[in-house]
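Trainee: Below is a structure I'd like to ask you about.
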Amino acid sequence: MSSKSINLTLKVWRQQGPKAPGRLETYKAENISTDASFLEMLDIVNERLTLEGKEPIAFDHDCREGICGMCGSVVNGRPHGPQKETTLCQLHMRHFQDGDTVYIEPFRARALPVVKDLVVDRSALDQIIAAGGFISVNTGQAPEANSLPVPKDKADLAMDAAACIGCGACIAACPNAAAMLFTSAKISQLALLPHGRPEAAKRALAMLAQMDAAGFGNCTNHKECEMECPKGISISNIARLNREFLKAALASAEEIPAATKKE
Amino acid sequence: MLQLDAKIPGGPLETKWDRHRFDLKLVNPSNKRKFEIIVVGTGLAGGSASASLAELGYNVKTFCIQDSPRRAHSIAAQGGINAAKNYPNDSDSIWRLFYDTIKGGDFRAREANVYRLAQVSNLIIDHCVAQGIPFAREYGGLLANRSFGGAQVSRTFYARGQTGQQLLLGAYSALMRQVARGQVKMFPRREMLDLVVVDGQARGIVVRNLITGEIERHTAHAVVLATGGYGNVFYLSTNGMGCNVTAAYRCYKKGAGFANPCFTQIHPTCIPVHGDYQSKLTLMSESLRNDGRVWVPKKAGDKRRPEDIPEDERDYYLERIYPSFGNLAPRDISSRAAKRMCDEGKGVGPTGRAVYLDFRDAIQRLGQAEIEARYGNLFQMYERIVAEDPYTTPMMIYPASHYAMGGLWVDYNLMSTIPGLFVLGEANFSDHGANRLGASALMQGLADGYFVIPNTINGYLAGTKFAEVTESHEAFKESEAEVVAKVKKLLSIKGKRTVQDFHRDLGHVMWEYCGMGRTDEGLTKARKLVADVKAEFWENVTVPGSHTDLNQSLENAGRVADFLEFADILLLDALARRESCGCHFNEAFQTEDHEALRDDVNMAHVAVWEYAGEGKEPIFNKEPLNFEFVKLATRSYK
Ligand SMILES: Cc1cc2nc3c(=O)[nH]c(=O)nc-3n(C[C@H](O)[C@H](O)[C@H](O)COP(=O)(O)OP(=O)(O)OC[C@H]3O[C@@H](n4cnc5c(N)ncnc54)[C@H](O)[C@@H]3O)c2cc1C
Ligand code: FES
């Protein structure tokens with residue numbers, strides 16, 4: 001690893017609260033090691049702001065390993081920045097050039113309102129899961145684990161879908177701010193496994209209904225979501241979701257469960 | 001002095017849990033809805049407990065720091081989860097899993113608890129599969145297993161390199177299902193800042209709403225704490241940035257005993273430190289040691305590139321020293337061996353604090369495609385951080401703070417020394433003794449949450465008289481006043497150094513003097529140094545912003561303040577343990593070939609620290625460990 005230092009100009013979205021107006025502020029990020037991660041670069045800027053008696057930039061983060069889905073901002077117009085299949089916490093400064101100007105803004109979507117600076121409220125995603133993103137099994141009810149074999153290819157596809165970290169980049173990337181990639185990933189995972197089949201129809205209907213209720217847009221096949229997903233979730237999941245939805249809508253006279261309301 | 005009755009049921013080991021469940025009082029199904037239970041934390045332990053308690057009909061209020069319960073740090077676990085299924089027919093059994101765990105913990109855990117853990121391990125796998133967790137499978141469609149550090153059988157279930165993520169999302173889904181039913185009320189972005197004790201019973205918590213800054217009071221009949229581990233006391237660790245000791249520490253100050261704080265695990269395979277701006281260390285899953293070979297150059301100070309060092313000038317030291325376990329030697333052993341090599345000047349990389357983990361032979365034997373299938377995402381993660389390709393250049397790794405075996409003391413029911421305060425998962429001390437084996441924390445967190453607490457809490461609720469307690473109770477007022485005073489104090493200091501800066505200082509001291517090798521002299525010095533950092537913190541920290549909105553500096557300041565106090569108990573505990581065992585290695589107690597030297601006559605106990613008031617030394621208590629079913633043996637992996 002060969003490290004050097006670079007200097008950047010940052011244009012960062014600052015917004016005091018959900019109702020306050022926001023604006024881009026300019027900061028210098030000086031003497032940043034190219035081995036540092038993007039969030040470590042923000043840490044350094046924040047430490048300097050703190051010492052100048054200014055409020056540091058609020059941004060969400062936790063694991064810093066690309067798995068918790070907590071981080072994420074739009075960097076130079078792209079959710080999680082320029083590197084393919086890389087969360088912001090795993091993006092390293094070696095991908096920037098000395099002297100670059102970097103724009104950092106929050107994910108933007110009607111259903112993901114800004115809380116402060118780069119922090120957004122993603123609780124709408126939890127509500128979609130609450131509407132049906134589960135298999136109804138209580139602790140204690142399960143049969144022996146190997147009693148139901150799962151073809152390996154199906155299990156692998158289910159795992160591909162289950163890798164979603166729920167960060168919301170797909171929504172930020174979508175011109176319609178749809179949550180289709182997120183929702184389809186969960187529906188696919190559970191529909192692919194025999195354990196999830198009994199509720200497949202009900203699940204697809206309920207989760208889609210909740211997605212609409214939360215104010216997400218519709219999918220019109222722009223495919224930006226797949227491009228920007230840090231975990232490489234495939235849009236073939238959306239095709240699977242559509243099949244599940246059609247099957248459910250056609251076959252079932254079952255009532256669509258009322259969507260869980262947003263608090 | 002604390003009353004340390006572990007409440008271990010009598011009789012044969014195999015039937016203790018069944019008998020205990022039979023003896024515990026039950027809460028009639030229709031009475032369950034009269035009880036409110038607070039669960040703090042939504043990791044594997046808190047998530048599974050919330051869902052299972054709600055399924056039983058209890059009213060549950062669940063809290064977490066992150067914006068969603070799905071983001072607890074359990075999400076980051078990579079390698080896998082153990083169970084005694086014996087699917088590979090390689091002579092595994094409940095007894096063997098029990099024995100390996102007791103031995104792995106260097107005989108410093110309770111037999112009864114560990115046996116129960118091994119017993120319920122199989123139920124966990126059944127349940128998780130039924131939840132739709134996409135575990136790895138064989139071509140025949142049945143579940144796959146692999147071996148994991150410290151075990152000679154293949155009992156680890158996994159979902160690629162993302163087992164924790166998948167298990168947590170399973171628990172999260174179950175939790176959200178109960179949220180939709182109205183049986184769990186979810187409070188994300190809340191930080192528990194105090195436990196409220198009324199008439200000696202845990203009856204609620206005080207939390208800060210991290211978005212609005214409001215201090216909220218919540219009552220309950222019992223509080224279940226599942227707030228994870230305190231590995232961040234070392235500043236750099238594999239833990240998430242938000243992992244903290246605050247909730248557990250505040251409970252300690254309210255009377256909960258803190259057990260074995262010095263049992264902290266240093267994980268052998270992490271990406272080495274490279275700069276002081278660094279915020280965390282990334283784990284490279286232990287599963288890599290199934291195929292990677294660990295080595296250093298034989299000659300100290302050898303600066304050649306690894307590919308230029310011929311085979312006979314490499315020291316595959318784990319294979320050499322521990323021929324029967326080789327690269328799979330347990331974590332404490334492997335970490336210390338790496339440290340020893342670096343201390344001898346054989347370390348590699350720019351800082352000399354790293355060893356190689358080499359896949360050359362495995363790639364030759366199995367082909368690159370197979371290695372990619374097994375570890376692709378880990379290799380990618382490594383390359384992203386280090387900008388070197390591990391398929392062609394050996395990885396560089398070094399030990400890092402990873403896991404806390406120590407935690408709040410609990411009895412067999414997982415209840416702390418405060419009646420009504422239960423502690424689950426990494427936050428308790430219960431099952432791993434002085435060292436945890438790989439893939440056992442996920443097992444323990446889910447055992448506690450899915451299968452233990454739903455049984456044991458009934459006994460407490462059914463057998464206890466509860467006075468009416470509301471949020472306006474005096475105890476809530478006092479707690480809130482204290483919390484507010486502390487918050488305001490932190491904001492008012494307006495010094496010249498950042499919170500992170502102090503945390504970094506603390507970390508340096510702890511890593512240097514209380515890391516992989518400890519001495520009485522170093523520990524004593526560290527107590528003084530930590531006291532100095534603490535004193536300066538309260539005079540010279542600067543916390544910008546206000547307490548009435550989202551203020552991450554303020555959150556952090558509170559956590560670092562607690563780490564600074566807690567660190568002293570950790571150091572005291574390390575000083576008090578007059579032996580080396582598991583991860584605790586005091587250089588005065590070692591064998592000729594540098595292995596840990598236990599003292600089973602004087603030290604076979606749990607050390608439990610009791611808060612004695614501001615500025616006073618904590619009080620030492622002990623729970624003797626009685627081994628009825630296994631023979632204490634010297635732990636050898638040679
Ligand atoms: C990188 C990494 C890899 C690992 N890999 C493995 C593995 O392969 N196998 C294995 O068995 N183990 C592994 N472990 C260990 C294991 O993941 C953890 O021990 C376990 O997941 C802890 O679960 P938990 O539920 O106790 O706590 P956590 O998952 O840490 O959850 C803590 C919860 O408490 C909440 N919380 C904390 N403080 C407060 C507060 N003050 N107020 C309110 N809420 C609070 C948090 O928001 C969070 O919801 C790994 C650990 C790490 C760090
Ligand atoms: S901080 Fe967890 S994914 Fe980036």
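Rundown of residues vs (1) in the same structural domain as B:H274 (by TED's automatic domain parsing); (2) open to solvent by less than 10 Å² (accessible area, probe 1.4 Å); (3) in a loop (DSSP other than H, G, I, E, B), yes/no style:
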position	(1), (2), (3)
B:G352	yes, no, yes
B:R374	yes, no, no
B:L378	yes, yes, no
B:P390	yes, yes, yes
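Trainee: Run A:C174 past the list (1) touching a strand residue (DSSP E or B) at 6+ places or on another chain (Cβ under 6 Å); (2) crowded, with 24+ Cβ neighbours inside 10 Å and report the number of the one that doesn't hold.
Mentor: All conditions pass for A:C174, except number (1).
Trainee: Which number in (1) at pLDDT 95 or above; (2) under 21 Å from B:R436 (Cβ atoms); (3) aliphatic (A, V, I, L, M) marks the one condition that B:A596 misses?
Mentor: With respect to (1) at pLDDT 95 or above; (2) under 21 Å from B:R436 (Cβ atoms); (3) aliphatic (A, V, I, L, M), B:A596 is out only on (1).
Trainee: Here's another thing I want to ask about it. Considering only residues that are in a loop (DSSP other than H, G, I, E, B) and within 12 Å of ligand 2 (Cβ to nearest atom), look in segment A:80-92 and name the one that is nearest to the other protein chains (Cβ to nearest Cβ).
Mentor: A:T86
Trainee: Then there's this: Residue under question is B:Y158, and the condition is that it be open to solvent by 20 Å² or more (accessible area, probe 1.4 Å) and within 7 Å of chain A (Cβ to nearest Cβ); does it hold?
Mentor: Working: open to solvent by 20 Å² or more (accessible area, probe 1.4 Å): yes; within 7 Å of chain A (Cβ to nearest Cβ): no.
In short, no.
A quick yes/no check of all residues on (1) within 14 Å of another protein chain (Cβ to nearest Cβ); (2) touching a Leu at 6+ places or on another chain (Cβ under 7 Å); (3) away from ligand 2 (no atom under 16 Å from the Cβ):
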{"position": "B:V423", "(1), (2), (3)": "no, yes, yes"}
{"position": "B:N428", "(1), (2), (3)": "no, yes, yes"}
{"position": "B:R436", "(1), (2), (3)": "no, no, yes"}
{"position": "B:Y450", "(1), (2), (3)": "yes, no, yes"}
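Trainee: Where in segment B:470-571 are there helices (runs of 4 or more DSSP H), lying fully within it, with 1 or more residues that are of a type in the set (S, T, N, Q) and within 26 Å of A:D60 (Cβ to Cβ)?
Mentor: Hits in segment B:470-571: B:499-514.
Trainee: Looking at (1) of a type outside the set (K, R); (2) out of contact with any Leu (no Cβ under 8 Å at 6 or more places or on another chain); (3) not in a helix (DSSP H, G or I), find the lone condition where B:A338 falls short.
Mentor: Answer for B:A338: the failing condition is (3).
Trainee: Restricting attention to segment A:93-119, and to residues there that are within 12 Å of another protein chain (Cβ to nearest Cβ) and open to solvent by 10 Å² or more (accessible area, probe 1.4 Å), which single residue is farthest from B:V386 (Cα to Cα)?
Mentor: For segment A:93-119, the residue satisfying everything is A:P113.
Trainee: When segment B:267-286 is examined, which residues are found to be polar (S, T, N, Q), within 20 Å of B:L506 (Cβ to Cβ) and touching a strand residue (DSSP E or B) at 6+ places or on another chain (Cβ under 8 Å)? I'd like the intermediate steps shown before the answer.
Mentor: Just the residues of segment B:267-286 that are polar (S, T, N, Q), to begin with: B:269, B:278-279, B:282, B:285.
Next, from what is left, pick out any that are within 20 Å of B:L506 (Cβ to Cβ): B:278-279.
Within segment B:267-286, just B:S279 meets the criteria.
Trainee: Out of all the residues in segment B:115-126, is one or more of a type in the set (A, V, I, L, M) and part of a strand (DSSP E or B)? Before the answer, list the steps.
Mentor: Kept after step one, since they are of a type in the set (A, V, I, L, M), are these residues of segment B:115-126: B:117-118, B:120, B:123-125.
Then keep just the ones that are part of a strand (DSSP E or B); that gives none.
Scanning segment B:115-126, I find no residue that is of a type in the set (A, V, I, L, M) and part of a strand (DSSP E or B), so the answer is no.
Trainee: I'd like the residue in segment A:11-55 that is part of a loop (DSSP other than H, G, I, E, B) and open to solvent by less than 20 Å² (accessible area, probe 1.4 Å) and, out of all such residues, is nearest to ligand 2 (Cβ to nearest atom).
Mentor: Checking each candidate, the answer is A:A36.
Trainee: Take the residues in segment B:41-75 that are open to solvent by 10 Å² or more (accessible area, probe 1.4 Å) and part of a strand (DSSP E or B); name whichever of them is nearest to ligand 1 (Cβ to nearest atom).
Mentor: B:K61
Trainee: Given the residues B:Y316, B:Y322, which is the only one that is modelled with pLDDT under 95, in contact with a Phe, Trp or Tyr (Cβ under 6 Å, 6 or more places away or on another chain) and either of a type outside the set (D, E, K, R) or open to solvent by less than 30 Å² (accessible area, probe 1.4 Å) (or both)?
Mentor: B:Y322
Trainee: Further question: For segment B:247-257, state whether one or more residues are more than 14 Å from ligand 1 (Cβ to nearest atom), touching a strand residue (DSSP E or B) at 6+ places or on another chain (Cβ under 8 Å) and open to solvent by 10 Å² or more (accessible area, probe 1.4 Å).
Mentor: For segment B:247-257, residues more than 14 Å from ligand 1 (Cβ to nearest atom), touching a strand residue (DSSP E or B) at 6+ places or on another chain (Cβ under 8 Å) and open to solvent by 10 Å² or more (accessible area, probe 1.4 Å): present.
Trainee: Kindly establish whether B:G79 is within 16 Å of ligand 1 (Cβ to nearest atom), assigned to a helix (DSSP H, G or I) and more than 10 Å from chain A (Cβ to nearest Cβ).
Mentor: Considered against the rule, which asks whether it is within 16 Å of ligand 1 (Cβ to nearest atom), assigned to a helix (DSSP H, G or I) and more than 10 Å from chain A (Cβ to nearest Cβ), B:G79 comes out as no.
Trainee: Taking segment B:122-132, which residues are open to solvent by 10 Å² or more (accessible area, probe 1.4 Å) and either more than 7 Å from chain A (Cβ to nearest Cβ) or of a type in the set (V, I, T) (or both)?
Mentor: B:N122, B:L123
Trainee: Which condition number in (1) in contact with a strand residue (DSSP E or B) (Cβ under 9 Å, 6 or more places away or on another chain); (2) assigned to a helix (DSSP H, G or I); (3) surrounded by fewer than 18 Cβ atoms within 10 Å (Cβ to Cβ) is the one that B:R289 fails?
Mentor: (3)
Trainee: Within segment B:140-155, identify whether any single residue is at the interface with chain A (Cβ under 10 Å from one of its Cβ atoms), free of Cβ contacts under 8 Å to residues at least 40 places away in the same chain, on the phi > 0 side of the Ramachandran plot and not in a helix (DSSP H, G or I), and answer yes or no. Steps first, please.
Mentor: So in segment B:140-155, the residues at the interface with chain A (Cβ under 10 Å from one of its Cβ atoms) come out as B:140-144.
With free of Cβ contacts under 8 Å to residues at least 40 places away in the same chain added as a condition, the list becomes B:140-141, B:144.
Imposing the further condition that a residue be on the phi > 0 side of the Ramachandran plot reduces the set to B:141.
Checking the rest, the ones that are also not in a helix (DSSP H, G or I) come to B:141.
Within segment B:140-155, one or more residues are at the interface with chain A (Cβ under 10 Å from one of its Cβ atoms), free of Cβ contacts under 8 Å to residues at least 40 places away in the same chain, on the phi > 0 side of the Ramachandran plot and not in a helix (DSSP H, G or I).
Trainee: For segment B:413-422, state whether one or more residues are within 30 Å of B:A467 (Cβ to Cβ), β-branched (V, I, T) and assigned to a loop (DSSP other than H, G, I, E, B).
Mentor: Scanning segment B:413-422, I find at least one residue that is within 30 Å of B:A467 (Cβ to Cβ), β-branched (V, I, T) and assigned to a loop (DSSP other than H, G, I, E, B), so the answer is yes.
Trainee: Could you tell me whether any residue of segment A:72-79 is over 17 Å from A:D117 (Cα atoms) and either within 14 Å of ligand 2 (Cβ to nearest atom) or assigned to a loop (DSSP other than H, G, I, E, B) (or both)?
Mentor: No, there is no match, as no residue in segment A:72-79 is over 17 Å from A:D117 (Cα atoms) and either within 14 Å of ligand 2 (Cβ to nearest atom) or assigned to a loop (DSSP other than H, G, I, E, B) (or both).
Trainee: Within segment B:240-284, take every residue that is more than 11 Å from chain A (Cβ to nearest Cβ) and of a type in the set (S, T, Y) and give me the one that is farthest from ligand 2 (Cβ to nearest atom).
Mentor: Among those that are more than 11 Å from chain A (Cβ to nearest Cβ) and of a type in the set (S, T, Y), it is B:Y252.
Trainee: Is segment B:8-22 home to any residue that is open to solvent by less than 10 Å² (accessible area, probe 1.4 Å), outside any helix (DSSP H, G or I) and more than 13 Å from chain A (Cβ to nearest Cβ)?
Mentor: No: segment B:8-22 contains no residue that is open to solvent by less than 10 Å² (accessible area, probe 1.4 Å), outside any helix (DSSP H, G or I) and more than 13 Å from chain A (Cβ to nearest Cβ).
The values are calculated or read from the model by the stated rules, or taken from the named source; none is laboratory data. Given the structure is predicted, the values throughout are model-derived calculations rather than measurements. Reconstructed Cβ throughout: ideal geometry from the backbone, glycine too, with neighbour counts over all protein chains shown. Accessible surface is based on the protein model in full, side chains and every heavy atom, while ligands, DNA and RNA are left aside. Shrake-Rupley method; radii C 1.70, N 1.55, O 1.52, S 1.80 Å.
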